[in-house]
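Let me begin by presenting the structure, written as C-alpha cells, before commenting on it.
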Amino acid sequence: MSTDEDVKAVVPAPRRSEENGPPDRTPEPESEPDRTPEPGRSSPSTARRRARTGGIAAVVLVLVLGGAQLLVRAEQLHHTPTAVNRALTDAEATTEVIGDVSSALVTVFSYTPATTGTTRQAARRLLAGRAARQYAELFGQVEKRAARQKLTLTTHVVRAAVTRLTGHSARLLVFLDQVAERGGKSPATVAAQLSVTAELRGGHWQIIDIASHE
C-alpha cells in the first residue's frame, strides 16, 4: 500500500518559468468590424446627407411650382371679364360716373309747377337713347298733372353703386327717395330702385336707359 508521500511524488507540481514569467491571461482585443460600406451601399452619414439634400430640393421644387402656378393664375385673371370691370379697380372713374348719374336723376325727376319747362330742357341734355324717348313720352302728362294738382316732386339719391364700368359704358343700381307735395296735402315719400345704363359722351356720363328694379 502506498503512502501519502508516494501519491505526492506521483503528481508533479507545476513548474514556473522564471524567464517567461507568469502566463499572460489578458484577453486579446476583439477586432473591430469592417465599416467599409459594401459596393452599391452608402454609409449612414452619406445617406443622411443625401436625405437632407433631397428634402431641400423638394422644398425648392414646391416653391418654384407654387410660384409658377400663381403667375399662371394671375395671367388668367388678367384676361377674365372681371379684370375689364374698372368698377373694381378705378375709384376715380367710379366716383365720377356716380356723381354724373346721381346729379342727372335728381334734375330730371325734380320739378315744381313753375319749373317743368326747365326740367324738360335739362332732360334733353342729360338723357339719350331709350331713356330720352321714354322721358319725352311721359313728361307731357307730368306737366299737365303738375299744373293741375300743384305738384312738386323732389328726388334724393340715397345710394348708388356701379355694378360694371368700362371705358365708355357703365351700369348702376340707384336707390331714390322721392317726396311728392300737392297743394294743401301732407308730403308723401316714395322709395324707388332703378337700374341705370350710362355712356361717356363729351367728357360727361349721359343716361341712355332707365328701368325700375323690383
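The values are calculated or read from the model by the stated rules, or taken from the named source; none is laboratory data. A quick note: this is a predicted structure, and the numbers were derived from the prediction, not measured. A quick note on method: Cβ atoms are made from the backbone with ideal geometry, for glycine too, and the neighbour counts reach across all protein chains shown. Keep in mind that these areas ignore ligands, DNA and RNA; they rest on the heavy atoms of the full protein, side chains included. Shrake-Rupley method; radii C 1.70, N 1.55, O 1.52, S 1.80 Å.
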Next on the checklist: Just checking, does segment 112-130 include any residue being on the phi > 0 side of the Ramachandran plot and modelled with pLDDT of 95 or more?
Outcome noted: yes
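Restricting the search to segment 182-214, which residues are among the charged types (D, E, K, R) and open to solvent by less than 80 Å² (accessible area, probe 1.4 Å)? Break it down stepwise before answering.
Residues of segment 182-214 that are among the charged types (D, E, K, R), as a first pass: 182, 185, 199, 201, 209, 214.
Matches in segment 182-214: Glu199, Asp209.
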Next on the checklist: Residues that are within 34 Å of the chain's Cα centre (by Cα), at pLDDT below 95 and open to solvent by 90 Å² or more (accessible area, probe 1.4 Å): does segment 150-169 have at least one?
Outcome noted: yes
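Rundown of residues vs (1) out of contact with any Asp or Glu (no Cβ under 8 Å at 6 or more places or on another chain); (2) under 17 Å from Val97 (Cβ atoms); (3) not aromatic (Phe, Trp, Tyr), yes/no style:
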{"site": "Arg124", "(1), (2), (3)": "yes, no, yes"}
{"site": "Ala128", "(1), (2), (3)": "no, yes, yes"}
{"site": "Phe175", "(1), (2), (3)": "yes, yes, no"}
{"site": "Asp209", "(1), (2), (3)": "yes, yes, yes"}
{"site": "His213", "(1), (2), (3)": "yes, no, yes"}
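Can you tell me which residues in segment 115-139 are open to solvent by less than 40 Å² (accessible area, probe 1.4 Å) and farther than 19 Å from Ser195 by Cα?
So the first thing to find is which residues in segment 115-139 are open to solvent by less than 40 Å² (accessible area, probe 1.4 Å), and the list is 116-117, 119, 122-123, 126-129, 131-132, 135, 139.
The answer is Thr116, Gly117, Thr119, Ala122, Phe139.
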